[in-house]
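Colleague: Would you mind keeping the following structure in view while I ask a few things?
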Amino acid sequence: MNKMDLTKSRLIVSIIALGLIIGACIGGVLYFVLPTFSQNWFVAILLFFTVEESLLLSLVHNFSKKKDKKQLINIYMLTKVIKLFTALGFILIYMLTDKTDMKSFVAVFISFALLFLAAETFLFYKIEKQLSKKIESDE
């Protein structure tokens, strides 16, 4: 296994671990604040964000192998568009299947979105840092 694959594996393991921590924190708060919130939807939201972030991190990492900064910035922007449309699709699925307690669902969904955004930003920073080190070592 080469160094790039190892880094990619570490990033994915990191987002899964952060997802579990984020899920535990939000789950603990929900237990006391919104005890009637559906556990099935809670798990679905957690899985949605964990899988989505893992795939997007993998995409960014694969494109970071190329040294063109402009192309990498375009990939970052593409990940934001993908996240927006998949999130809207997920919310639409909720609206079509379960119309109860929409405010609670949106509050939980936004909480996950913001916390995963923070985790994603940190991991994208790590990718950029690794890329900078690679560029410096190649020069």
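The values are calculated or read from the model by the stated rules, or taken from the named source; none is laboratory data. Small disclaimer: the values here were computed from a predicted structure and weren't measured. FYI the Cβ positions are ideal-geometry reconstructions off the backbone, even for glycines, and counts take in every protein chain you see. Keep in mind that these areas ignore ligands, DNA and RNA; they rest on the heavy atoms of the full protein, side chains included. Shrake-Rupley method; radii C 1.70, N 1.55, O 1.52, S 1.80 Å.
Colleague: Would you be able to say whether some residue in segment 47-65 is of a type in the set (D, E, K, R) and open to solvent by 40 Å² or more (accessible area, probe 1.4 Å)? Explain how you work it out, then say what you get.
Modeller: Within segment 47-65, the first condition is being of a type in the set (D, E, K, R), and the residues that meet it are 52-53, 65.
When the remaining residues are screened for being open to solvent by 40 Å² or more (accessible area, probe 1.4 Å), the result is 65.
The answer is yes; a qualifying residue exists.
Colleague: Out of PHE32, PHE85, PHE49, PHE90, which single residue is touching a Leu at 6+ places or on another chain (Cβ under 9 Å) and either aromatic (Phe, Trp, Tyr) or at pLDDT 90 or above (or both)?
Modeller: Details: PHE32 fails: touching a Leu at 6+ places or on another chain (Cβ under 9 Å); PHE85 fails: touching a Leu at 6+ places or on another chain (Cβ under 9 Å); PHE90 fails: touching a Leu at 6+ places or on another chain (Cβ under 9 Å).
Just one listed residue meets the conditions, PHE49.
Colleague: What's the number of the only condition in (1) in a helix (DSSP H, G or I); (2) under 24 Å from ASP5 (Cα atoms); (3) free of Cβ contacts under 8 Å to residues at least 60 places away in the same chain that GLU53 fails to meet?
Modeller: The number of the failed condition is (3).
Colleague: Right, another one. Out of segment 112-128, which residues are farther than 18 Å from LEU59 by Cβ and open to solvent by 50 Å² or more (accessible area, probe 1.4 Å)? Spell out the reasoning first.
Modeller: Of the residues in segment 112-128, the ones farther than 18 Å from LEU59 by Cβ are 112-115, 118.
Answer for segment 112-128, where residues must be farther than 18 Å from LEU59 by Cβ and open to solvent by 50 Å² or more (accessible area, probe 1.4 Å): LEU114, LEU115, ALA118.
Colleague: Let me ask something else. Any idea which residue in segment 65-99 is nearest to SER38 (Cα to Cα), counting only those that are free of Cβ contacts under 8 Å to residues at least 40 places away in the same chain and outside any helix (DSSP H, G or I)?
Modeller: Checked segment 65-99; the qualifying residue nearest to SER38 (Cα to Cα) is LYS99.
Colleague: Consider only pairs whose beta carbons are under 6 Å apart and that are at least six residues apart or on different chains; among these, list those whose first residue lies in segment 6-26 and is open to solvent by less than 50 Å² (accessible area, probe 1.4 Å) and whose second residue is of a type in the set (A, V, I, L, M).
Modeller: Close Cβ pairs (under 6 Å, with a partner that is of a type in the set (A, V, I, L, M)) amount to LEU11/LEU57; LEU11/LEU123; ILE15/LEU57; ILE22/LEU115; GLY23/LEU46.
Colleague: Return yes or no: is MET95 over 20 Å from the mean Cα position of the chain (by Cα) and either surrounded by fewer than 15 Cβ atoms within 10 Å (Cβ to Cβ) or under 20 Å from PHE112 (Cα atoms) (or both)? Step through it out loud before you land on a result.
Modeller: Details: over 20 Å from the mean Cα position of the chain (by Cα): yes; either surrounded by fewer than 15 Cβ atoms within 10 Å (Cβ to Cβ) or under 20 Å from PHE112 (Cα atoms) (or both): yes.
Against the criterion (over 20 Å from the mean Cα position of the chain (by Cα) and either surrounded by fewer than 15 Cβ atoms within 10 Å (Cβ to Cβ) or under 20 Å from PHE112 (Cα atoms) (or both)), MET95 qualifies.
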